[in-house]
Amino acid sequence: MKDKAFDSALAEHIWNTRYRFIDGDTAGDRRLSDTWRRVAGALAGVEAQAPSVWEDRFYSALQGFGFIPGGRILAGAGTGRRVTLFNCFVMGRLEDSIDSIFEHLKEGALTMQQGGGVGYDFSTLRPAGSVAHATGRIASGPVSFMHIWDAMCGTVLSTGARRGAMMATLRCDHPDIEAFVVAKQDPHLLRRFNLSVQVSDDFMQAVADDASWPLVFPEHVLGETPCGNAETLQRHWPGEVGLVACRVVRRVAARDLWSRIMRATYDFAEPGVLFIDQINRQNNLWYREDISASNPCGEIPLPPYGACNLGSINLVCFVRSAFTAQAHLDIDAISATVGTAVRMLDNAIDASLFPLPRQAEEARGSRRLGLGLTGLADALIMLGLRYDSPAARELAAQAMRAICHAAYRTSVQLARDKCAFPYFDRERYLDGAFVRTLPEDIRNGIAAHGIRNSHLTAIAPTGTISLLAGNVSSGIEPVFDFRHSRRLLDVDGSYRVFDVEDHAHALWRRANPQGGQLPPAFVSALGMEPSDHLAMQAALQPFVDSAISKTVNVPEDYPFTQFQQLYLLAFRQGLKGCTTFRPNPVTGEILSTPMGNPASSQPSHCCGIEREDD
């Protein structure tokens, strides 16, 4: 049946294939309003007092797409199915034994089967060529085991309109880092993985100094095997307590390794980079966590077995008097919606099932949330601001500041009403680098009452839920193109092709039926300098306690020397990670343009819409 809530066949297709509840031959959701009511009722059901009142408030926030919960909440809440409402997981530390590796493989399969995307740090697996103690066999290295995970993911999620997503990370000082960097250059291998290198401050300093860089592994794991030399260095290593002696397996030129990473991502769009020391410095739970991995798209760095649920404030819904001289963003309305959204996401923790007991323990111990924004680029267009202008960055920062501070104030109030998160340590939490930047009233509230959630903000790639909301621009990203064709998976694994028009473009066209030249604010992703992408990410990062998923679009003819500078700029700006995409014959295009020619390119980038967080 045609649902009048949708303004396009594409939006209805997204709802039908990803979020609509259908139980066998029975349609549990007959229309979109049923989906909103199902989700609102399930999340309000954990309220001890006045659940019906909260259900109505939650429904009001959902109606009209002002707040859009993450896809696992939309798909699973209130269905009675054994699924998780969490999009993002990082799995447990991989111990260097066959028993441990295959136990973790099973845990990953169970998590993806319930709808979660997973991240792994493979740095704990011994380098290729070293000798295993127990069997005397030669180790094949972490990259070889990644292929097992890739095959598992393809088997567990071989049907349906949503594909499984995984993140693999490796330390920049692991002896197999060079093999990791080129692991996806065969177009048939590791297609279900996103790859990111854990880049440390020390490595970036070695690059700057043109110094040699030691590739190391814990001495006690290597034992007496003929791997490396007698030189050892003290290092923090995942899964180890304190500093451990690490054997220097070999040394490389830091700039040469950095150039290899840059060349790989220039030619193949991977690996990405996680500035891992910045991630840990800014972690609100710095006093109990050592983070070395993230969820598949990078916006939620997490500890072992960490989990986080997602949601986005749709800025388009808060633009008043669009395309006029009086156009403005209703910050007060945004803050009010944030208050409801935080309570909904917090309730999702209690309403959710978890694939593994350790995940439930971590999620309920930290009560991490990832509230962000979507529709930013369209909102800027409707306000008459070019995405790459200082005024646009100032407005975007104002919006994210409002989201962040309203979220923290709500979480303090929830702590008063319900109690602080179990891992809360008042003195050390208040001493966190990010928490120290919060306004005085928030810090005073935390000191007096605690806080309900350890983390509250993240900006995810909201491709699918943004299409559901009328093809508003995704997350923090600029508009890729204002009209194009797009291939989307159907439930049977086949593809359907849709003509897509950007939300702001459609609104302007309806308001200007006579046509005419688009206003200057209509700038697309490739119509601006790549550094302007980073400038927007940097403008919002101070108000994001987790991280930001952002793809910097780079023209095909962009010089490699300038490309390398983008990552150095990201590091200097204090970003937690950087991902770029440069179209070329290997990577293809992200989307198909112009309309009606979707076969002109085959999307192969790891973060395609079938495998985003939502």
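The values are calculated or read from the model by the stated rules, or taken from the named source; none is laboratory data. This structure is a prediction, so every number in the text was calculated from the model and none was measured. Using ideal geometry, Cβ is built from the backbone for each residue, glycine included, and neighbour counts are taken over all protein chains shown.
Sort through Leu105, Leu85 and tell me the only one that's closer than 17 Å to Tyr19 by Cα, modelled with pLDDT of 95 or more, in contact with a helix residue (DSSP H, G or I) (Cβ under 7 Å, 6 or more places away or on another chain) and among the hydrophobic types (A, V, I, L, M, F, W, C).
Testing whether each residue is closer than 17 Å to Tyr19 by Cα, modelled with pLDDT of 95 or more, in contact with a helix residue (DSSP H, G or I) (Cβ under 7 Å, 6 or more places away or on another chain) and among the hydrophobic types (A, V, I, L, M, F, W, C) leaves just Leu85.
Please enumerate the residues belonging to region 442-481 that are on the phi > 0 side of the Ramachandran plot and within 14 Å of the chain's Cα centre (by Cα).
Let us first name the residues in region 442-481 that are on the phi > 0 side of the Ramachandran plot, namely 450, 470-471, 475.
The answer is Gly475, and nothing else.
Can you work out which of the residues in region 194-212 that are part of a loop (DSSP other than H, G, I, E, B) and out of contact with any Cys (no Cβ under 9 Å at 6 or more places or on another chain) is farthest from Arg250 (Cα to Cα)?
Asp210
Give me the pairs: first residue in region 536-565 and farther than 12 Å from Lys576 by Cβ, second residue part of a loop (DSSP other than H, G, I, E, B), beta-carbon distance under 6 Å, and six or more apart or on different chains, which are they?
Final answer for the pair search is Val554/Arg582; Glu556/Pro583.
Consider region 415-436. How many of its residues are outside any helix (DSSP H, G or I), farther than 20 Å from Gly306 by Cβ and within 27 Å of the chain's Cα centre (by Cα)?
1
Just one of (1) at pLDDT 95 or above; (2) on the phi < 0 side of the Ramachandran plot trips up Ile98, so point out which.
(1)
Got a sec? Which of Asp388, Asp417 is among the charged types (D, E, K, R), in contact with an Asp or Glu (Cβ under 7 Å, 6 or more places away or on another chain), over 25 Å from Arg281 (Cβ atoms) and modelled with pLDDT of 95 or more?
Asp388
Let me spell it out: the conditions are (1) on the phi < 0 side of the Ramachandran plot; (2) in contact (Cβ under 8 Å) with a residue 40 or more places away in the chain; (3) not aromatic (Phe, Trp, Tyr), and Gly223 meets all of them except one. Which number is the exception?
With respect to (1) on the phi < 0 side of the Ramachandran plot; (2) in contact (Cβ under 8 Å) with a residue 40 or more places away in the chain; (3) not aromatic (Phe, Trp, Tyr), Gly223 is out only on (1).
Kindly indicate whether Trp213 is under 30 Å from Pro583 (Cβ atoms) and not charged (D, E, K, R).
Details: under 30 Å from Pro583 (Cβ atoms): no; not charged (D, E, K, R): yes.
Taking the combined requirement at face value, the residue does not satisfy it.
Return the pair list, or none, for Cβ contacts closer than 9 Å from residues in region 423-440 that are over 16 Å from Ser366 (Cβ atoms) to residues that are of a type in the set (S, T, N, Q) and surrounded by 14 or more Cβ atoms within 10 Å (Cβ to Cβ), at least 6 apart or on different chains.
These pairs meet every condition: Ala433/Gln282; Ala433/Asn283; Ala433/Asn284.
When the residues of region 294-341 are narrowed to those that are of a type in the set (Val, Ile, Thr) and part of a loop (DSSP other than H, G, I, E, B), which ends up farthest from Gln198 (Cα to Cα)?
Kept after step one, since they are of a type in the set (Val, Ile, Thr), are these residues of region 294-341: 300, 313, 316, 319, 324, 331, 334, 337-338, 340.
In the following step, the residues that additionally are part of a loop (DSSP other than H, G, I, E, B) were identified as 300, 324.
On the way: Ile300: 14, Thr324: 46 Å.
It comes out as Thr324.
Looking at region 544-574, which of its residues are surrounded by fewer than 23 Cβ atoms within 10 Å (Cβ to Cβ) and under 20 Å from Arg401 (Cα atoms)?
Across region 544-574, the qualifying residues are Gln573, Gly574.
Of all residues in region 501-557, which are farther than 28 Å from Phe268 by Cβ, within 25 Å of the chain's Cα centre (by Cα) and not charged (D, E, K, R)?
His503, Ala504, Ala539, Pro542, Phe543
Which one of Ala307, Ala363 is at pLDDT 95 or above, small (Gly, Ala, Ser), closer than 26 Å to Ala42 by Cα and touching a Phe, Trp or Tyr at 6+ places or on another chain (Cβ under 6 Å)?
Checking each option against the conditions leaves just Ala307.
Every residue in region 97-120 that is within 22 Å of Pro301 (Cβ to Cβ) and of a type in the set (Phe, Trp, Tyr), please.
Tyr120
Being modelled with pLDDT of 95 or more and of a type in the set (D, E, K, R): is that true of Glu55 here?
Yes; evaluated as a whole, the condition is true for this residue.
Would you please name the residue that is farthest from Tyr120 (Cα to Cα), looking only at residues in region 294-337 that are touching a His at 6+ places or on another chain (Cβ under 9 Å) and in contact (Cβ under 8 Å) with a residue 60 or more places away in the chain?
Filtering first and then ranking leaves Val319.
Tell me which of these His328 doesn't satisfy, since it passes every other one: (1) crowded, with 23+ Cβ neighbours inside 10 Å; (2) at pLDDT 95 or above; (3) not hydroxyl-bearing (Ser, Thr, Tyr).
Going through the list (1) crowded, with 23+ Cβ neighbours inside 10 Å; (2) at pLDDT 95 or above; (3) not hydroxyl-bearing (Ser, Thr, Tyr), His328 breaks only (1).
Just a yes or no: is a residue in region 481-488 free of Cβ contacts under 8 Å to residues at least 40 places away in the same chain and out of contact with any helix residue (DSSP H, G or I) (no Cβ under 8 Å at 6 or more places or on another chain)?
No, region 481-488 contains no residue that is free of Cβ contacts under 8 Å to residues at least 40 places away in the same chain and out of contact with any helix residue (DSSP H, G or I) (no Cβ under 8 Å at 6 or more places or on another chain).
Hey, among the residues in region 213-260 that are touching a Cys at 6+ places or on another chain (Cβ under 9 Å) and of a type in the set (D, E, K, R), which one's surrounded by the fewest Cβ atoms within 10 Å (Cβ to Cβ)?
It comes out as Glu219.
Need pairs with beta-carbon distance below 7 Å; first residue more than 21 Å from His505 (Cα to Cα) and within region 517-533, second part of a loop (DSSP other than H, G, I, E, B); sequence gap 6+ or separate chains.
Within 7 Å, the pairs are Glu529/Asp388; Pro530/Val554; Pro530/Tyr558; Asp532/Asp388.
Where residues in region 437-483 are polar (S, T, N, Q) and not in a loop (DSSP other than H, G, I, E, B), which of them is surrounded by the most Cβ atoms within 10 Å (Cβ to Cβ)?
Ser466
Can you tell me which condition Gly516 does not meet? The list is (1) surrounded by fewer than 19 Cβ atoms within 10 Å (Cβ to Cβ); (2) on the phi < 0 side of the Ramachandran plot, and all the others hold.
Among (1) surrounded by fewer than 19 Cβ atoms within 10 Å (Cβ to Cβ); (2) on the phi < 0 side of the Ramachandran plot, Gly516 violates only (2).
Run Leu170 past the list (1) surrounded by fewer than 24 Cβ atoms within 10 Å (Cβ to Cβ); (2) under 29 Å from Leu110 (Cβ atoms); (3) touching a Pro at 6+ places or on another chain (Cβ under 9 Å); (4) of a type outside the set (Val, Ile, Thr) and report the number of the one that doesn't hold.
With respect to (1) surrounded by fewer than 24 Cβ atoms within 10 Å (Cβ to Cβ); (2) under 29 Å from Leu110 (Cβ atoms); (3) touching a Pro at 6+ places or on another chain (Cβ under 9 Å); (4) of a type outside the set (Val, Ile, Thr), Leu170 is out only on (1).
Being without any contact (Cβ under 8 Å) to a residue 40 or more places away in the chain and in a helix (DSSP H, G or I) is the filter here, so list the residues in region 256-289 that pass it.
Scanning region 256-289 gives Asp256, Asn280.
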